[in-house]
């Protein structure tokens, strides 16, 4: 067996010079410290993305976009297609877990100040990937064309439409018209399976190249240590195999969730029906949705909801450019403000999500 | 003989009393004295109950009835009002008839809300001229010759009511000024009804127009307060028909209303307020109310239950029932106390209506057909219960079972169709519906839900297996990592 593998490797090496790559990877090291565990969440996010692509392609074999066929095709997938239920349920769960692991990855990078020079672009590309992930979530939510997805898309696009000046054009762009119709479904389907995956792949490529090029970031306290005091492990094969081990655990988790909590379908969307009671967006939008409820109708001359959206927009923008205004961390100095802001953001998200959930 | 002499003596005395009273009034009432010379209304007024109670012309027309000077008596200064016109007519009547103390003064116990009721009625609300309402008191009671309602001479005496109402209601030209679509054949139909025929024979007890529609407060049929609004009809009819004392002598039962309230029709109408459900008039007619005869029962029921009636008419039972002079629908379903048609009516058990005629020894063909038909229905019921149980179980397990659930609508539809098809009394046709449309679908739903439940367990067993394989792989990988790391450590 070993001989066969080796001869196959030699065959490829002769043509692709794989030795150079293996040599490069073999020289890459991952720091070992008390917070090393957070390094794995980038790989876990990648795993969920791969799962999403694989299951998404399988669903595409049967899914038919269109207000007359979408719901029925999902119903068909769930009841008639062999393991269709499993593929759709895994797709649904992996989508949520991707966002969760990406958020954890983002906060771990934030608190370790791994975004500091020279990794500003890695941070920005990562944030873009997170936003794209949310875009995947929003666009994919409508595809089953059920009551919940229909009205959630209506509410979600209405919120986007409340943004001054650019809101209305964005809303029309999202909906493919003035209201949520079959045109919205076709459009969001296009976003979900073509536009977003294309952009995501490019940004992900940049993100991974940057990581490989710049190596894994060391926390400030580790970076300060003498080279001899630092503990590391080779990226290949040690870290990669550990990543793979975690992927297998995640695969088990996905299977358990898909079997015990399969994706639901609900009732087919009816544009003339009333919105189902207690309509809520996906959990990762819930904190924003809930926050907007607390804004009064008007604050001075501006509508409360508009102000809320603008504030969130400003907060996300500031968050995205944190490597550029957190100069202290880039200089290798300690910046407590960043930690306080991060903790406040986490508390805010958790509390508002819980309030939104129980509301 | 003694009795006849007593009656004649009494009549002579009464005549003397009223003549004396009229004479007394004559001497005081200058209006009457003058108008008597002229004839006409004064002659009528002489018979008027108001005249007999001592009420002068001035009671309605105003003026000074004691003055023999015509100019003075009929002057404005004397309060002369002249001939009332339009709505003023009813208001003049109400001057006394709406005042209890005034009525008591003349020894009357009549109600004093007539004008109030009239104003709320369809007659008191509608108008073509815009100046006066359709009906004034005098329209029905006359003006100068008003007599007691109990008097056969009164236009509102029960025997006269149909013609009084018919004066307008049978006049198409007059009625179309108010409602071009309104029927004008009510009196003609009434005369064909049992009520109308008895009325024509001089019996004042059977219902006439006012018995059902009311008198002063007549409302439109569509008005929920009307006595003949669909929901109120059974109660209105029962006023007489449930009164055993009142109905004594007519030799008909008085439990129809009680039975109707227990019936499927009664519950639908009186409890669920479904005005499309039949009330008394739906089967008996309203103005031409007559009990449907044996031959016409199925036609009456068939106005709503059209398919059932058609199937029955072309079934072998039609001829058999006609021969035995059995009322068609009523024989199995009864009349006033019609209960929901359940499967218990079908078959050969004691409760089944089929067994009334078909037994193992008598009319045996029908006996075996009924038995088979009941078996089909029972099989469908059993299969439906099982299918619903399994669908529910599969749903509880989170399985996608909407298609099977949707199929159960066909089973329900087949059961509904079977309730109609049973009236063909044709086993093959019945089987086609119950087995072909119902049982086959129900069985398919059972199979689908069983497969869904089996799939539920397959998923769990599959999960256990996949977890075992993945975990084994993970464990191998872990061991491999350990091995590599140990190797690396030993090199250092």
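Quick grid of which residues meet (1) more than 30 Å from residue A:142 (Cα to Cα); (2) touching a helix residue (DSSP H, G or I) at 6+ places or on another chain (Cβ under 8 Å):
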{"residue": "A:217", "(1), (2)": "yes, yes"}
{"residue": "A:221", "(1), (2)": "yes, no"}
{"residue": "A:230", "(1), (2)": "yes, yes"}
{"residue": "A:238", "(1), (2)": "yes, yes"}
{"residue": "A:242", "(1), (2)": "yes, yes"}
{"residue": "A:252", "(1), (2)": "no, yes"}
{"residue": "A:259", "(1), (2)": "no, yes"}
{"residue": "A:265", "(1), (2)": "no, yes"}
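Filtering A:228, A:224 for residues that are within 14 Å of chain B (Cβ to nearest Cβ), surrounded by fewer than 13 Cβ atoms within 10 Å (Cβ to Cβ) and more than 30 Å from residue B:464 (Cα to Cα) leaves a single hit, A:228.
Condition check ((1) in contact with a strand residue (DSSP E or B) (Cβ under 7 Å, 6 or more places away or on another chain); (2) touching a residue at least 60 places away in the same chain (Cβ under 8 Å); (3) within 14 Å of another protein chain (Cβ to nearest Cβ); (4) farther than 24 Å from residue B:343 by Cβ) across all residues:
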{"position": "B:397", "(1), (2), (3), (4)": "no, no, yes, yes"}
{"position": "B:405", "(1), (2), (3), (4)": "no, no, yes, no"}
{"position": "B:418", "(1), (2), (3), (4)": "no, no, no, no"}
{"position": "B:435", "(1), (2), (3), (4)": "no, no, no, no"}
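Can you spot a residue in the range A:279-302 that is within 14 Å of chain B (Cβ to nearest Cβ), within 30 Å of residue B:471 (Cβ to Cβ) and touching a residue at least 40 places away in the same chain (Cβ under 8 Å)? Within the range A:279-302 (the criterion being within 14 Å of chain B (Cβ to nearest Cβ), within 30 Å of residue B:471 (Cβ to Cβ) and touching a residue at least 40 places away in the same chain (Cβ under 8 Å)), the answer is no, since none of the residues qualifies. Residues in the range A:64-83 that are surrounded by 21 or more Cβ atoms within 10 Å (Cβ to Cβ) and touching a residue at least 24 places away in the same chain (Cβ under 8 Å): A:70, A:71, A:74, A:78.
Can you pull out the residues in the range B:369-395 that are touching a helix residue (DSSP H, G or I) at 6+ places or on another chain (Cβ under 6 Å) and within 14 Å of chain A (Cβ to nearest Cβ)? Within the range B:369-395, B:391, B:394 qualify. Scoring residue A:194 on the criteria (1) at pLDDT 95 or above; (2) facing chain B (nearest Cβ under 10 Å) leaves a single failure, condition (2).
Which residues, taken from the range A:283-330, are outside any helix (DSSP H, G or I) and closer than 22 Å to residue A:132 by Cα?
To start, the set of residues in the range A:283-330 that are outside any helix (DSSP H, G or I) comprises A:295-303, A:321, A:326.
Passing the criteria: only A:321.
Could you list, in sequence order, the residues of the range A:236-246 that are closer than 14 Å to residue A:37 by Cα and more than 7 Å from chain B (Cβ to nearest Cβ)? Within the range A:236-246, A:239, A:240, A:243, A:246 qualify. Of all the criteria given as (1) modelled with pLDDT under 90; (2) in contact with a helix residue (DSSP H, G or I) (Cβ under 9 Å, 6 or more places away or on another chain), the one not satisfied by residue B:287 is (1).
Within the set A:143, A:121, A:86, the sole residue that is away from chain B (no Cβ under 14 Å) and either out of contact with any helix residue (DSSP H, G or I) (no Cβ under 8 Å at 6 or more places or on another chain) or buried (at least 19 other Cβ atoms within 10 Å of the Cβ) (or both) turns out to be A:143.
Only one entry of B:266, B:249, B:285 meets the criterion of being surrounded by 13 or more Cβ atoms within 10 Å (Cβ to Cβ) and closer than 25 Å to residue B:196 by Cα, and that entry is B:285. As a summary of the residue check, residue B:173 satisfies the conditions (1) farther than 29 Å from residue B:43 by Cβ; (2) surrounded by 14 or more Cβ atoms within 10 Å (Cβ to Cβ) except for the one numbered (2). Out of the range A:105-152, which residues are outside any helix (DSSP H, G or I) and over 30 Å from residue A:332 (Cβ atoms)? Those that are outside any helix (DSSP H, G or I) and over 30 Å from residue A:332 (Cβ atoms): A:143, A:144, A:145, A:146.
Pairs needed: first member in the range B:254-278, in contact (Cβ under 8 Å) with a residue 60 or more places away in the chain; second member anywhere, surrounded by fewer than 14 Cβ atoms within 10 Å (Cβ to Cβ); C-beta distance under 6 Å; at least 6 residues apart or different chains. Note: pairs meeting the criteria are B:264/B:340. Scanning for something loosely packed, with under 11 Cβ neighbours inside 10 Å and at pLDDT 95 or above, does the range A:37-55 turn up at least one residue? No - not one qualifying residue is present in the range A:37-55.
Number of residues in the range B:117-165 that are within 26 Å of the chain's Cα centre (by Cα) and within 18 Å of residue B:96 (Cα to Cα): the value is 3.
The listed residues are B:388, B:380, B:311, B:307, and the only one of them that is within 30 Å of residue A:85 (Cβ to Cβ) and assigned to a helix (DSSP H, G or I) turns out to be B:388.
Residue-wise test of (1) under 23 Å from residue B:55 (Cα atoms); (2) at pLDDT 95 or above; (3) in contact with a strand residue (DSSP E or B) (Cβ under 9 Å, 6 or more places away or on another chain).
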position	(1), (2), (3)
B:112	yes, no, no
B:119	no, no, no
B:133	no, no, no
B:140	yes, no, no
B:147	yes, no, no
B:151	yes, no, no
B:161	no, yes, no
B:168	no, no, no
B:173	no, no, no
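From the list A:178, A:188, which residue is closer than 30 Å to residue A:311 by Cβ, at pLDDT 95 or above and in contact with a helix residue (DSSP H, G or I) (Cβ under 9 Å, 6 or more places away or on another chain)? Within the list A:178, A:188, the selection yields A:188. Taken over the range B:452-471, the criterion of being more than 10 Å from chain A (Cβ to nearest Cβ) and buried (at least 17 other Cβ atoms within 10 Å of the Cβ) is satisfied by B:453 alone. Has the range A:247-261 got at least one residue that is surrounded by 15 or more Cβ atoms within 10 Å (Cβ to Cβ), within 10 Å of chain B (Cβ to nearest Cβ), on the phi < 0 side of the Ramachandran plot and not in a helix (DSSP H, G or I)? No; the residues of the range A:247-261 include none that is surrounded by 15 or more Cβ atoms within 10 Å (Cβ to Cβ), within 10 Å of chain B (Cβ to nearest Cβ), on the phi < 0 side of the Ramachandran plot and not in a helix (DSSP H, G or I). The helices (runs of 4 or more DSSP H) found entirely in the range B:185-234 that carry 3 or more residues being over 18 Å from the mean Cα position of the chain (by Cα) are B:186-192, B:194-200.
The values are calculated or read from the model by the stated rules, or taken from the named source; none is laboratory data. Just so we're clear, the structure is a prediction, and the values are computed from it rather than from any experiment. Counting neighbours? That spans all protein chains shown, and the Cβs are built from the backbone with ideal geometry, glycine included.
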